[in-house]
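The numbers here are math on the coordinates, done by the rules we state, and not lab data. The model shown is predicted, which means the values in this text are computed figures rather than measured ones. Positions of Cβ are backbone-derived with ideal geometry, glycine not excepted, and every protein chain shown enters the neighbour counts.
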Amino acid sequence: MDFTYPKAEKLKSKKTIDSLFTKGQSVGKYPLRLVFIQKDFEDDVPLKMGVSVSKKYFKNAVDRNYFKRVLRECYRLNKHILIENLDQKYCLMFFYQTKEKLSYQEINEKTIQLFEKFIKFLKEEKNNSLLP
């Protein structure tokens, strides 16, 4: 397994981020939310991921940066759950949405649950589209 988060996997495109918020679908597992869109891109990676922590909940940049680092680390260690179960390329935006300062272990557990919920959602979507 590859536990890296290379530059090619980072979501940087302003157009893609805008389309995520206009056309994207969402899956949540409190206090995390994953907004996603199926999109083909040139890079040879199955996912592009961005993270966000709201200024509304954490006024200090130090706190926001800490939670962004934690989210990136949780993604890096658990992305194999997504990669093993995806057959298309996706752009994802990962949000931390609470004032509560959860521990790394709690956030990691919620990340795993969120990724499993995302996979389940995609499988249900696929099954629904196959039905006449």
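Using alpha-carbon pairs under 8 Å, 6+ residues apart, how would you state the relative contact order of region 17-108 in percent?
Once divided by the residue count of region 17-108, the mean separation gives 43 percent.
Under a Cβ-only charge scheme (Lys and Arg +1, Asp and Glu -1), can you give me the dipole magnitude of the chain about the Cα centre, in debye to the nearest 20?
It comes to approximately 740 debye.
Please compute the length gained on full extension between E124 and K39, using 0.36 nm multiplied by the number of residues separating them and subtracting their Cα-Cα distance.
Extra length available between E124 and K39 comes to 28.7 nm.
Taking H as built 1.01 Å from N, whose amide H comes closer than 5 Å to the amide H of K10, not counting residues under 5 places away?
M49
Here is the link list: K68/K89; K23/K79; K7/K99. Which ones come out longer than 26 Å on Cα distance?
Working: K68/K89 23 Å; K23/K79 23 Å; K7/K99 29 Å.
Cα-Cα > 26 Å for K7/K99; rest within.
Provide the per-residue ³J(HN,Hα) series for region 42-55, in order, calculated from phi with Karplus coefficients 6.51, -1.76, 1.60 and θ = phi - 60°, each as a whole number of Hz, with x at glycine and proline positions.
Each residue of region 42-55 in turn: 5, 4, 8, 10, x, 9, 10, 10, x, 10, 8, 10, 6, 5 Hz.
Between Q105 and K7, what is the spin-label point distance in nm, taking each point 7 Å from the Cα along the Cα→C-beta axis?
3.7
So between K89 and K55, what do we pick up on full extension, going 0.36 nm a residue minus the alpha carbon distance?
Extending this stretch completely gives an extra 9.3 nm.
Which value in Å is the Kirkwood Rh of region 1-71 over different Cα pairs?
13.8
Dimensions of the chain along principal axes (Cα, Å, largest first)?
49, 33, 27
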